[in-house]
Each structure stands twice: as structure tokens, then as C-alpha cells.
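The block underneath contains the structure these notes are about, expressed in C-alpha cells.
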């Protein structure tokens, strides 16, 4: 065996090195110095994320099972940005009294799931993809159950675990049908053996099952029922990780599977399935978000409807769609992490998680309210902020295909943007306009939390205006034109 | 009598259906876990049978089955740990106890 092909996966090896360093630090350093573990992890991971910039490889490894291109490289770098923010955000929480004894496990599990997501993004063989998917979702179940003293954490973990196993069983059944049809698990081989335009019952069932399996990770609507409960029950640091990183990786992997494996049957089989999923996801996500009182459940339903917008980039299935999908994920990471930064700061200080508790927050904590307001404006898509540009680009990418049906789809998405404005502004209204007797008193959030929130705020303000970022992503996607070859 | 591929596939799909039915109707979390295990095992049978009958010259389906068995074991171990955690919290393994968070 040629061991030099491992050099094709420098990002995975780098992440593995970070994992080992954290593990060794946790195991062998004296008890006294373990308080430095969170900072150590953040610094090491930050160094890796910067070194990552020089690690671009193009090519395949393991006879085509693993592929590294410019766009997988950029997608992993985007996930690194989000991971770094999550790590910095959770420093204070992981040094708190109940978590401190187990904080090593927290970081090790977190890095393991990121490794699984890297595999999902780069896999070009279904076996490697399934291993990546499970490596990403099993440690997450353990992380959801991390808060041993709260009953909600166990309940959320049980719900997450059962639905995760159920959906992965459905996904693998779909894969077995694909294998029966084509006799291979390589993406390229399957694509070449599927007859273009064929729509046998077995193929349709197989694709529906595959969409259901990945749709669970993305929490698209018929498969979304776990989302709100898990977001509410899990520790806030885990929730913020779950809502951005795991969703971004799954969205990219979804696009790769649909385009590179089932690209030849785009218009006869899966285009219409995605239309139905997107309309349901955006609409139901919005409608259920309106009636939420708990801020974490509220953000859960908001993230469901955001996943619907991300899927517009998948249904577009062209270069512009992929570029705007990656851009959307980046913007979504900074906006959502800003919101979760504020939520976790307030939760760490006072333990309050209801939207009504935010009444009059502006009087006592103006900076936190301002950050939250920017995050809400960006998620809703109000013009000067990044969220507007990401929505704009993803609509443009979808309209590029030019069919009448997609115009109707984008129109429905646009109307839903207005609905979403209503509930995002409810939070802003609570903070700035409504008054209450028991306002959360003024407090100073920890230094690490402030760093993370400032980074997110800068991201919200500048990522949209700095148009070079989007142009860069379009260039990156055009670097690999073969990707959409099946559709043309 | 000649044994055809359908004789394997139909029991395997019935097994999968039983798994889905059990997952929806059982109240005991351990029973739900057993139902999930049925579903995963029927997938393994599918892969092996497709490989044996349709593509006898290669081993890809068999290898997938081996890995799928490993993954299923890991999933079950983790799920059992979580069920034990729930049992410690409420002293029951009844799924109807998990109703604190809704809608």
C-alpha cells in the first residue's frame, strides 16, 4: 500500500494531531494546570486553523474514496471558523463548577465530531460517507447528554439518539437499494451506471431514503421533530455547535451526493422532492417559531427555516448555487453564534432562557442587546448586514436555472422572509421596548465570551460588504467545473 | 427447489417493517432499541444478498456489512448508556416519561 496518499488529507491529519495533543494534555498534565485546558485547546485549534490556510491539496486518495478539491478545502475552513468561535465561547462554561471535572471529554468529543464532518465533506464512496456520518452524530449524542445534573439533557439525548439511529437505518436501506441497482458504492461508478432519465420505482425509493437520512441531519421538515427538544435540553455550547457546524457540513455533503451521484436523474426524480421539502421546511419552521417562548427553542425553529434557505443552493445545482451555499453557511455561522453567545452569557449569569426574561435588557446590558439585535437583523436579512447578502446570493443562484417552478419557489421563500422578520423583531422588541419589574441586572460577561461576540459582530457587519469573499467563493467553485458535469 | 434472491429479500424487508412498527408502537425504551437493531440487521442482509446474487465477482457489499455491524454495535452501546442515564433520573424506562419538552 502506498502510504504517501495520506498526504492528500492534511486537514484531517492536522485535526487528528490537535485531538491527540488535547488528549495528552488532559491525561498527563497535573490536576492544578488542567484549568488551562480550554484556553490550550482554543490556541492549538486556532493555530491549526491558520496553518490550514497553507494546506490546500487537489487530488484523490484510496483509489477515489477520498477527494480533496478547492471547494472541500474552503468548506472545511469555514467549519474551522465556526469551531474556533464555539471553542472560545465555551471557555467560561467549561471551567464552571459542574463541568470542570469532565471538560477534557467535552473537547475530545467535539474534535471527533468535527473529524467525522470532514470525512462527510470529502467522501466519494458511500462506506466512507456512512462512517463519517456516524462519527459526526454519535459523539454529538454523548455531548447532548453532557449535562448530567439536568433531566432535560437526558431526555434530549434519548430523543436525539433514537431518531439518529432510525434515520441512519433508513439511509442505509436506501444505500442497499442503490448498491443492488448499480453494484458499486463509489460515487463516480454509481453515476456512470445509472441510466440518465430513468425513474424506476427502486431508484425513486432509494433516493427518497437517502434524502430522508441526510435530511435528518439538516433537520428538514418532515424529519425535524427532534430539533427543538434537543436544542432546548442540550448545554448551550453544544446547541450552538449543533446548529451551525453540523448543519453546514451536512448541507455540503447533501449537495455533493445529489449532484455527483444522482445528477443524471435530476429533473425526473429528486428536483420535485426537494421543492416539497423546501416549501414545507421554510413555512413550518417560521410558523412554529412564532409561538415559542423559550429562546433556545425559538432559535431551533429559526434554524430549521434557515436550513430551508440553505437547501435553495442545493436545488439550484449549479456553480453559483454551491458558491452561495458556502457563503450562506459562513454568514449563518457568525449570525447564529452571535445570538447563541448572548444567550449563553445570560444563561451562565442568571440561568434565564425565556424570551420574556429579556424584557428591558437594553437598560441594563446595552452591549449584549446590541449584539443580539445585529444577530436578529442578520438572520432576518435586513440590508446592510451579512444576512441580506447571503439571502440575495442564494436567491440569485437558484434563479440561474430559470424554470418557472423555481421562480414560484423563490417567491414563496421571499414571502417567508417577511414572516420571519416578525418573530425576529419580537426578540428585539422585548429587549428595547417592553418593560418589566424584574429586569436582568447589569453584569460583565467573561473575557472569552466578549472576544467571541466581538468577532461575530465584526463578521455580521463586514462579511456582506467585503464583496471579495463571495467573489473568492465563486472562483473556488469554478476551479472544479467537473462537479456539475452530470447535469449538463 | 432453487433458492432465489427474492426468498432472502422478502424476509429482510418484512424484518425492516417489523422494526419500523416496533419503533413506533413499543413503550419500553429497550424494546425500541431492539426494533432499531432489527432494522439495521435487515439492511445487512440486503447488502450481503445483493452482493452474493447480483455481483458475485466482488466483495464491496460484504465489506459494507462488516462496517455496518460495527457501527450498529457502537450505536447500541451509546443508546444503552443514555437509557441508563434516563433510568437513573426517573426510575423507569418507559418512553412516555419523556414528555417534559414538547412542541
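The values are calculated or read from the model by the stated rules, or taken from the named source; none is laboratory data. All values reported here derive from a predicted model rather than from experimental measurement. Backbone-built Cβ (ideal geometry, glycine too); neighbour counts: all protein chains shown.
Before moving on, here are some points about what is shown:
- Whichever residue in the stretch A:388-411 is part of a helix (DSSP H, G or I) and at pLDDT below 90 and, among such residues, is surrounded by the fewest Cβ atoms within 10 Å (Cβ to Cβ): A:404
- From the options A:447, A:456, residue that is touching a helix residue (DSSP H, G or I) at 6+ places or on another chain (Cβ under 9 Å), at pLDDT 85 or above and crowded, with 17+ Cβ neighbours inside 10 Å: A:456
- Residue match in the stretch A:194-212 (condition: within 10 Å of another protein chain (Cβ to nearest Cβ), assigned to a loop (DSSP other than H, G, I, E, B) and surrounded by fewer than 21 Cβ atoms within 10 Å (Cβ to Cβ)): no
- Residue, farthest from residue A:130 (Cα to Cα), within the stretch B:44-62, restricted to residues that are facing another protein chain (nearest Cβ under 7 Å) and in a helix (DSSP H, G or I): B:54
- Subset tally (residues that are at pLDDT below 90 and touching a strand residue (DSSP E or B) at 6+ places or on another chain (Cβ under 7 Å)) for the stretch A:177-198: 0
- When B:16, B:23 are checked against the criterion of being at the interface with chain A (Cβ under 9 Å from one of its Cβ atoms), free of Cβ contacts under 8 Å to residues at least 24 places away in the same chain and either part of a strand (DSSP E or B) or buried (at least 18 other Cβ atoms within 10 Å of the Cβ) (or both), B:23 stands alone in meeting it.
- The listed residue being farther than 23 Å from residue A:466 by Cβ and surrounded by 23 or more Cβ atoms within 10 Å (Cβ to Cβ), out of A:309, A:241, A:266, A:252: A:241
- When the stretch A:428-444 is filtered for residues that are closer than 19 Å to residue A:336 by Cα and surrounded by 14 or more Cβ atoms within 10 Å (Cβ to Cβ), the ones remaining, listed by number, are A:428, A:430, A:431.
- Residue check, residue A:163 within 28 Å of residue A:179 (Cβ to Cβ), under 16 Å from the mean Cα position of the chain (by Cα), more than 9 Å from chain B (Cβ to nearest Cβ) and surrounded by fewer than 24 Cβ atoms within 10 Å (Cβ to Cβ): no
- Residue within the stretch A:49-58 that is farther than 24 Å from residue A:334 by Cα, surrounded by fewer than 20 Cβ atoms within 10 Å (Cβ to Cβ) and more than 20 Å from the chain's Cα centre (by Cα) present: yes
- Taking the stretch A:175-189 as the range and being within 11 Å of chain B (Cβ to nearest Cβ) and either assigned to a helix (DSSP H, G or I) or farther than 20 Å from residue A:134 by Cα (or both) as the test, the residues that pass are A:175, A:176, A:177, A:178, A:179, A:180, A:181, A:182, A:183, A:184, A:189.
- Residue in the stretch B:80-92 that is more than 7 Å from chain A (Cβ to nearest Cβ) and within 13 Å of the chain's Cα centre (by Cα) present: no
- Positions within the stretch B:70-79 being loosely packed, with under 14 Cβ neighbours inside 10 Å and more than 8 Å from chain A (Cβ to nearest Cβ), in sequence order: B:70, B:73, B:77
- Comparison of A:287, A:320, A:274, A:337 shows that the only residue that is in contact (Cβ under 8 Å) with a residue 12 or more places away in the chain, in a helix (DSSP H, G or I) and surrounded by 24 or more Cβ atoms within 10 Å (Cβ to Cβ) is A:337.
- In this structure, residue A:62 does satisfy being touching a helix residue (DSSP H, G or I) at 6+ places or on another chain (Cβ under 7 Å) and in contact (Cβ under 8 Å) with a residue 40 or more places away in the chain.
- Among the residues examined, residue A:219 does not qualify as modelled with pLDDT under 95, within 13 Å of the chain's Cα centre (by Cα), under 29 Å from residue A:318 (Cα atoms) and surrounded by fewer than 24 Cβ atoms within 10 Å (Cβ to Cβ).
- Here A:110, A:127 are screened, and the one residue that is buried (at least 24 other Cβ atoms within 10 Å of the Cβ) and modelled with pLDDT of 90 or more is A:110.
- Scanning the stretch B:39-69 for residues that are within 20 Å of residue B:83 (Cβ to Cβ) and surrounded by fewer than 20 Cβ atoms within 10 Å (Cβ to Cβ) gives a single hit, B:41.
Condition check ((1) closer than 18 Å to residue A:278 by Cβ; (2) in contact with a strand residue (DSSP E or B) (Cβ under 7 Å, 6 or more places away or on another chain); (3) touching a residue at least 40 places away in the same chain (Cβ under 8 Å)) across all residues:
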| residue | (1), (2), (3) |
| --- | --- |
| A:200 | no, no, no |
| A:220 | yes, no, yes |
| A:227 | yes, no, yes |
| A:234 | no, no, yes |
| A:237 | no, no, yes |
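- From A:228, A:253, residue being more than 19 Å from residue A:112 (Cβ to Cβ) and either modelled with pLDDT of 95 or more or part of a helix (DSSP H, G or I) (or both): A:228
- Residue match in the stretch A:83-90 (condition: in contact with a helix residue (DSSP H, G or I) (Cβ under 6 Å, 6 or more places away or on another chain), surrounded by fewer than 22 Cβ atoms within 10 Å (Cβ to Cβ) and in contact (Cβ under 8 Å) with a residue 60 or more places away in the chain): no
- If you filter the stretch A:130-149 down to residues that are at the interface with chain B (Cβ under 9 Å from one of its Cβ atoms) and outside any helix (DSSP H, G or I), you find that the one that is surrounded by the fewest Cβ atoms within 10 Å (Cβ to Cβ) is A:148.
- Qualifying residue in the stretch A:363-375 (condition: modelled with pLDDT under 90, surrounded by 15 or more Cβ atoms within 10 Å (Cβ to Cβ) and part of a helix (DSSP H, G or I)): yes
- Residue check, residue A:415 within 25 Å of the chain's Cα centre (by Cα), surrounded by fewer than 17 Cβ atoms within 10 Å (Cβ to Cβ) and without any contact (Cβ under 8 Å) to a residue 60 or more places away in the chain: yes
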